[in-house]
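Chemist: Starting off with a structure, shown below.
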Amino acid sequence: MLSRKQQTSGVADNQQCDTYAWFSQRAWVEIDLGALSYNVQQLVKFLSPRTQLMAVVKADAYGHGAVTVAQTALESGASWLGVATVPEGIQLREGGIKAPILILGATHTPEQIHAIAHWKLQPTLCSPKQALVFSNVLESMNNGSPMEVHIKLDTGMSRLGTNWQEASEFVQLVQSLPHLAIASIYSHLATADSPDLTAMQEQHQRFEDAIAQIKAKGINPPCLHLANSAATLTDTALHYDIVRVGLAAYGLYPAPHLQNKIQLHPVLQLKARVTQVKTIAPGTSVSYGHKFTAPREMRLAVVGIGYADGVPRQLSNKMQVLIRGQRVPQVGTITMDQLMLDVSSIPNIQEGEIVTLLGQQGREQISADDWANQLDTISWEILCGFKHRLPRIAVM
Ligand SMILES: *Cc1c(COP(=O)(O)O)cnc(C)c1O
C-alpha cells in the first residue's frame, strides 16, 4: 500500500508518467482543502456577527469526503455540521469529530433514536407524532439529560416539517416533554436561488409569524435558522443564528446572479489518466454503437474513467476535457470504465498523462455548472454523482 502522502504527491506531480501512481490511480477526485478553507472563511466573514456557520456535509459532503471536509470546515470557522441521516452522523463521530451535528432528515425508529442518543447527534423533529415517539423511547432508555432536538417548520417548501400555522402548539408540546430540549427552530427555503424574491419573502414572513406566535405563548426560541447557501448570499436578514451552507462551501454559486457576492473557489476536480494512444484512419468509427466516425486521420486517447465512475453517459460526444492546458473533445459513446478523446490538436500525447474532466488546467476551466447546463440539471447533482470507486485525494 502507498501512504496517503505518496499517493497525493504522485497525483499532484503534473503530467509525469510515474509508474506507481498511474497504475494505482486511473481516475480520482481531487479535493482542494485550501480552497475549502478559503470558502468557509469568506462565508464566515460575510455573515452577520451573531451568526454561526453550519457546514452541510450530507451525502459524503456532496461527494467530497465527509470526515475530511468536516474537519477542515471546523478548523476554518464552521461551528456546526449538518447531515441527512443517522449513519452519516455516526461516520463523523467515528472520524473523531466532536462538533454538534444536526440530522436534517427525518428519524423515527427506536434503533435510530438509540443511535442518536449514543453518538450525541441532534435530530430534527417534524411532527407531534414523531416527538411523542422520541419521548417514549427516551423514557424507556432512562438515561439522564434530555436530548437536544431541532423543530422543523414547513413555511412553503412542502417537504419536512409542521405547518407554520401550527408552530406554537407543536413547540409547546415538545417543550412539555421531559426528555426533549429544544435547541433550535428552523425552516427551509424552496426558491432562494431565484432572482425573483417574492416566494422566498413569503416564506420568510411565515417564519417570522411562526416565531411571533411562539413568543406570544411565552416561549423564547433559543436559536433560529432559515438560510441555505443561496439565502446566505442573498440577504443578511435571513442569517438569524445559524446558516446552513452546503454548495457555497464547495466553491460553487447557487445561481449566476449570486456570483458577485463573495469570491469562492471550486474544491473538487475530477481527473483521470490516458491509458492508450492510437491513430485511427479516416472513416474509422469509435466506441459502442459507432456513434462517432473520424472524418480524417485522428489521434485518439483512451482515458480510464467512465459512467461507472459518475461521468454522465449523456455527455457522450458532447463534453470537452482539459489536457496539457487545452480543451479537447470527447468522442464516441462514454463506456462504463473508459472514454475516448480526439487529441489530434496536441502533438505527442503520452500514456499516463493527466486529463482534467472537471477543474482547471492553466487558463482553462470546466466547472460542475458547465456539466449541469449541458445536462439540464444542477451542480449539486453533478457533485453528488461521483462514485465510491473514485478515490478522494486531498491536496492543500
Ligand atoms: C441540503 C440542505 C442545506 C444546504 O443547501 P445548499 O443549497 O447546498 O447550501 C441546507 N438546509 C437543509 C435543510 C438542507 O437539506
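Chemist: How many residues are near the ligand (Cβ under 8 Å from one of its atoms) and of a type outside the set (Gly, Ala, Ser) if we restrict to the stretch 220-235?
Modeler: Matching residues across the stretch 220-235 total 2.
Chemist: SER168 fails exactly one of the following numbered conditions: (1) among the polar types (S, T, N, Q); (2) open to solvent by 50 Å² or more (accessible area, probe 1.4 Å); (3) more than 16 Å from the ligand (Cβ to nearest atom); (4) closer than 30 Å to THR234 by Cβ. What is the number of that condition?
Modeler: (2) is the only condition that SER168 fails.
Chemist: So, one more: Which one is farthest from ASP370 (Cα to Cα) among residues in the stretch 248-279 that are within 15 Å of the chain's Cα centre (by Cα) and hydroxyl-bearing (Ser, Thr, Tyr)? Give the derivation first.
Modeler: Step one: of the stretch 248-279, the residues within 15 Å of the chain's Cα centre (by Cα) are 248-254, 264-270.
Remaining after also requiring hydroxyl-bearing (Ser, Thr, Tyr): 250, 253.
Working: TYR250: 16, TYR253: 12 Å.
Out of the qualifying residues, it is TYR250.
Chemist: Look through VAL267, VAL245, VAL286 and report the one residue that is open to solvent by less than 50 Å² (accessible area, probe 1.4 Å) and over 22 Å from ASP32 (Cα atoms). If you could, list the steps in order and put the result at the bottom.
Modeler: Details: VAL267 fails: over 22 Å from ASP32 (Cα atoms); VAL245 fails: over 22 Å from ASP32 (Cα atoms).
On inspection, the qualifying residue turns out to be VAL286.
Chemist: Which one is farthest from the ligand (Cβ to nearest atom) among residues in the stretch 181-219 that are in contact (Cβ under 8 Å) with a residue 60 or more places away in the chain and open to solvent by 20 Å² or more (accessible area, probe 1.4 Å)?
Modeler: Ranking the qualifying residues of the stretch 181-219, first place goes to PRO195.
Chemist: Return only the number of the condition from (1) open to solvent by 10 Å² or more (accessible area, probe 1.4 Å); (2) part of a loop (DSSP other than H, G, I, E, B); (3) over 30 Å from ALA230 (Cβ atoms) that THR377 does not satisfy.
Modeler: (3)
A quick yes/no check of all residues on (1) touching a Gly at 6+ places or on another chain (Cβ under 8 Å); (2) more than 16 Å from VAL355 (Cα to Cα):
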residue	(1), (2)
LEU268	yes, no
ALA281	no, yes
THR284	no, yes
PHE292	yes, yes
GLY304	no, no
GLY310	yes, no
GLY325	yes, no
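The values are calculated or read from the model by the stated rules, or taken from the named source; none is laboratory data. None of the values given here were measured: they were computed from a predicted structure. Note that we place each Cβ from the backbone using ideal geometry, even for glycine, and neighbour counts take in every protein chain shown. Please note that ligands, DNA and RNA were not included when accessible areas were found on the heavy atoms of the full protein model with its side chains. Shrake-Rupley method; radii C 1.70, N 1.55, O 1.52, S 1.80 Å.
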